[in-house]
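Below is one structure; the comments refer to it alone.
The values are calculated or read from the model by the stated rules, or taken from the named source; none is laboratory data. Owing to the predicted nature of the structure, the values given are computational and were not obtained by experimental measurement. No Cβ is skipped: glycine too gets one built from the backbone with ideal geometry, and neighbour counts run over all protein chains shown.
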Amino acid sequence: MHDTLTNLPNRRSFTAQLEQEMAALADGEAIALLCLDLDRFKEVNDLFGHAAGDAMLRKVAENAGNVLSEGQMLARLGGDEFAIIAPGISGPDDAAMLAERVLEAFRAENARASNDGLMSTSIGIALYPRDAKDQETLISHADTALYRAKSEGRDTFRFYEHAMGLEARSRRIMEHELRHAVARNEFHLVYQPQKTLDSGELIGYEALLRWRHPERGNVSPGTFIPVAEESGAIVPIGEWVLKTACQAAAGWKSNLMIAVNVSAVQLHSMNFAQTVHRILLETGLSPHRLEIEITETALVRDMHRALATLRQLKTLGIRVAMDDFGTGYSSLSNLRAFPFDKIKIDGSFIRQVDTNEQAATIVRAVLGIGRGLGLPVLAEGVETSGELSFLAKELCQIGQGYYLGRPSPLDDLQEDGIQAEEKHSDANAA
C-alpha cells in the first residue's frame, strides 16, 4: 500500500482512498483531485544520475506533504507522477490555494538548493462532483488539465474545463488518424531548394512533410508533428519520409543533397542508424548525399545516446546539420562535442536582419562561430532581397527560403540536373 522510495501511499492506496472519499462526501462539499507531474525530470536523471533523481522524488514528497492539511492525502502513482486528494473543500478557490502552496514550497526549496530551479511541477485539477461523477473520469479530467498546464509554461496549475475534454478527444482522434495516414497515402513531400549565396548554385533540397487530410484538407505541420511526436507515431512516419526522400533523390541526374528532418523521438529510438542504413541500401542513394537535420533539443534528451547514434551515422558517410540554431539551448559546447557538418540559423533571426541591428548582430556572431569551427552556415527563411544582400555581404555560404525557392512537389521541380523521366517515375513509386 506504500511506495518504498518515498514512503507515500501508492497507486493502489490512492485509488481506495479516493473511492472512499467520494462515497462519504457530504452535500454541498467537493473533492479536489490534483495530479502532479515533475517538469523535465528525465533531464535530472540524464544529467546527474538516478541517485539524484531518487533524492528529488523524496524531496518532492517532503515538500508537498508539508503543505497538506488534515484529511488530505499525497500519493506517488509511479515514476514522477504524484496526486493529492483534498476532500471536503468548498470549491475551486480552496483547490487553487492548495496548488499554489505546493508550487511555492518547491520554489522555496529551489532557492535554498545548489541546483537552483531544477525542482518544479505542473498541476492539473479536477473537482468532484462538478467535473465528473465517477473516479475514472475524474482522474482522466485531472490528467487533461495537467497536460494543459505543461503546455502553457510548466511550474503552474490549470483547472479542467469542458473545452479541454473536447480538445483531448480531438487529439486522440488525430493520433489515431496519424497512425493510419501512411497506409492511406495521405502524406506527401515537398522539396525546398538550398542554394549558395555567392553564385546562386543549387546544391540540394530539404524534404518537408505535408498532410492532406481527406476531410480537413491540408493540416499544418505545426499542428500534427507535435501530436505525432508525443504519441510515438512519428517513428513510422519519419521512416516513410526518409525512404520517400531518398528514393526521389536517388533518381536525380546530378549529385544534389537531400536534407531530412529527424525528431528527438526518432533519434533516440532503437536501431535508428540501422534503419537509415537499410533505407540507403534499398533506395541506392549514396550516403554522402543525405543530410540529417536535428535540433539541440534532441541532443539534450539523452546526450550519450544521441552522440553514439550520430557517430554511427557519420561512420556511414551521412552528413549531420544542427537545425534551428539559436532557438533551443544554443550551447556552444554541443557544437564542439557533436560531429556536425553544418549550422542552420533559424529563420526568426533572418527576418529584418537588414533593418534590425540586434538581429544582424546575432547572425554575424553565428557566422563567425561557423567560420571559426570550419562549419558552413545555412540561413533559413530568406524572404527578401535585402535579407539576401545582407547575408551575402556577411559571407553566409548557403540560403533557403521563399526568395530563393518555394517548397514544391517532386513533379514541379524544374531545376537543372533533375531528369524529368526519373523524377516522374520516382514520384509514382513514392
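Miscellaneous remarks
- Complete set of residues in the stretch 209-238 that are buried (at least 17 other Cβ atoms within 10 Å of the Cβ), out of contact with any helix residue (DSSP H, G or I) (no Cβ under 6 Å at 6 or more places or on another chain) and not aliphatic (A, V, I, L, M): Phe224
- Counted residues, the stretch 384-393 - those being more than 16 Å from Gly347 (Cβ to Cβ) and in contact (Cβ under 8 Å) with a residue 24 or more places away in the chain: 2
- Of the residues making up the stretch 254-261, not a single one is assigned by TED's automatic domain parsing to the domain that holds Gly222 and either assigned to a helix (DSSP H, G or I) or on the phi > 0 side of the Ramachandran plot (or both).
- Per-region count, the stretch 278-291, residues out of contact with any helix residue (DSSP H, G or I) (no Cβ under 6 Å at 6 or more places or on another chain) and not charged (D, E, K, R): 4
- Residue that is surrounded by fewer than 17 Cβ atoms within 10 Å (Cβ to Cβ), more than 24 Å from the chain's Cα centre (by Cα) and closer than 30 Å to Thr121 by Cβ, where the choices are Glu167, Glu161, Glu152: Glu161
- Tallying residues that are farther than 17 Å from Pro193 by Cα, out of contact with any Phe, Trp or Tyr (no Cβ under 9 Å at 6 or more places or on another chain) and surrounded by 13 or more Cβ atoms within 10 Å (Cβ to Cβ) within the stretch 372-388 yields 1.
- When residues of the stretch 9-65 are limited to those that are over 23 Å from Met119 (Cα atoms) and touching a helix residue (DSSP H, G or I) at 6+ places or on another chain (Cβ under 9 Å), the one surrounded by the most Cβ atoms within 10 Å (Cβ to Cβ): Ala32
- For Ser122, the criteria (1) in contact with an Asp or Glu (Cβ under 6 Å, 6 or more places away or on another chain); (2) small (Gly, Ala, Ser); (3) surrounded by fewer than 16 Cβ atoms within 10 Å (Cβ to Cβ) hold in every case but one, which is (3).
- Number of residues in the stretch 141-195 that are out of contact with any strand residue (DSSP E or B) (no Cβ under 6 Å at 6 or more places or on another chain), of a type in the set (Val, Ile, Thr) and either under 16 Å from Glu215 (Cβ atoms) or not in a loop (DSSP other than H, G, I, E, B) (or both): the value is 2.
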